[in-house]
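Below you'll find the structure, written out as C-alpha cells, and then a few comments.
Values quoted throughout were computed directly from the atomic coordinates according to the rules given, and no laboratory measurement underlies them. The model shown is predicted, which means the values in this text are computed figures rather than measured ones. In this analysis, Cβ positions are derived from the backbone assuming ideal geometry, glycine residues included, and neighbour counts consider all displayed protein chains.
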There are 2 protein chains.
Amino acid sequence: MDVPCCLPLAERRVPAEAAAVLAPAFKALGDPVRLQLLSMIASAESGEICVCDLTPAFDLTGPTISHHLRTLREAGLVDAERRGTWVYYRARPGILRQLAALLTVAPAT
Amino acid sequence: MDVPCCLPLAERRVPAEAAAVLAPAFKALGDPVRLQLLSMIASAESGEICVCDLTPAFDLTGPTISHHLRTLREAGLVDAERRGTWVYYRARPGILRQLAALLTVAPAT
DNA sequence: GGACTGTCTCGACGTCCATCGAATCAGACG
DNA sequence: CGTCTGATTCGATGGACGTCGAGACAGTCC
C-alpha cells in the first residue's frame, strides 16, 4: 500500500482520497492485540520474529493470531516470509514513519 | 484519557495495559470520516471550528457527524465547547504527540 | 511415502459499528 | 412563553469484526 500523503494532519485538511488510504492503517492499529503484535515485530532484535514466538504471548488461539497478522499485512504495516517450517514477520518502517508524520503537531508554545 | 506510555513502538514491546489504552485512540482514527474531521479541527485557523462548518463538508447526516465527533471526543482526541447556539471543537495536541511518538522509528540507515 | 509440526483458511457465532430518521435538548429571538 | 435553528440522543438496521474449532496446506524428518 502506497501512502500518497504525509503532510501533518494539523497543517492542512487531509483530502478524502488520502483519508481513505490512511484510515485502514490506523484501523489496523486500533486493536490492542495488533498493537502488541506490531510492537513485538518492530522491536525484535534481529528485525524479524517468528510466529511461533508471537502466538504464545497471548491467550488466543493460533487462528486468531494469524487473523490479526493478516490484518497487519493487508494494512501494509508488516511483511511475512516463510523460511522452512516457520514464518517470520518484519515491520515496514516507511509506513510507520508516514503515519507518525501525519500525527506530528507543532511543539507546545 | 491519560496515555501512560509513549516509548516508541519499535523500541520495546508495548505492555498489554498500555495497548488497551492506546488502541482505542488509533481505532478512532481508523475511519476516513473521523480522520478528515480531526484534520479539519486540528488545522483550523483559529484553533477551533464550528460543527456547522464540519457537517456540510460530508455527504452524511447531522446525527452521523455528531456520532463521529463523539467518538473523537471519547478517544480524547478533541474537546468540545458550546458557546451560544454553536458548538466548537478543538484538537488536543498532547495525545496526538504521544501517538506520533509511539509510531516513530529510527531513520533509514 | 507417511507422520508430525507449524501456519493459514474456512465457516460460524456473537458483538460492535456506521448510518439513518425521528425525537429531544439548548439557546436565541420575538 | 412559543417558535425557530443548531446539535445531540435514541432506536433500528445492515454490515463488519474478533474469536473459535475444524480442516487444509507447507516443510521436515524418519
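Values as computed for the structure displayed
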read-out: Averaged over A:71-82, number of beta-carbon atoms from partner chains that fall within 10 Å; value: 0
read-out: Choice from B:A25, B:A44, B:A57 with maximal GNM fluctuation in chain B (Cα, 10 Å cutoff); value: B:A57
read-out: Label-to-label distance, nm, for residues given as B:E45 and A:H67 (7 Å Cα→Cβ offset); value: 4.9
read-out: Contact order normalised by residue count of chain B, Cα under 8 Å, 6+ apart, percent; value: 37
read-out: Peptide B:88-98 - average C-beta neighbours from other chains (10 Å radius); value: 3
read-out: Per-pair calculated FRET efficiency, R0 = 22 Å: A:W86 and B:L7 via Cβ, rounded to 0.05; value: 0.20
read-out: The protein assembly as shown, helix-only ellipticity at 222 nm - DSSP H runs n ≥ 4, -39,500 (n - 2.57), divided by all residues, nearest 500; value: -14500 deg cm²/dmol
read-out: Efficiency of FRET from Cβ geometry, B:L60 and A:A106, R₀ 35 Å, rounded to 0.05; value: 0.70
read-out: Size of electric dipole in the protein assembly as shown: Cβ of Lys, Arg +1 and of Asp, Glu -1, about Cα centre, debye, nearest 20; value: 0
read-out: Helix A:93-103 vs. chain A, principal-axis angle (Cα, 0 to 90°, nearest 10); value: 40
read-out: Residues with amide H under 5 Å from that of A:R92, placed H, sequence gap 5 or more; value: A:V78, A:D79
read-out: Cα centre as origin, Lys/Arg/Asp/Glu Cβ charges: the stretch A:16-103 dipole, Debye; value: 140
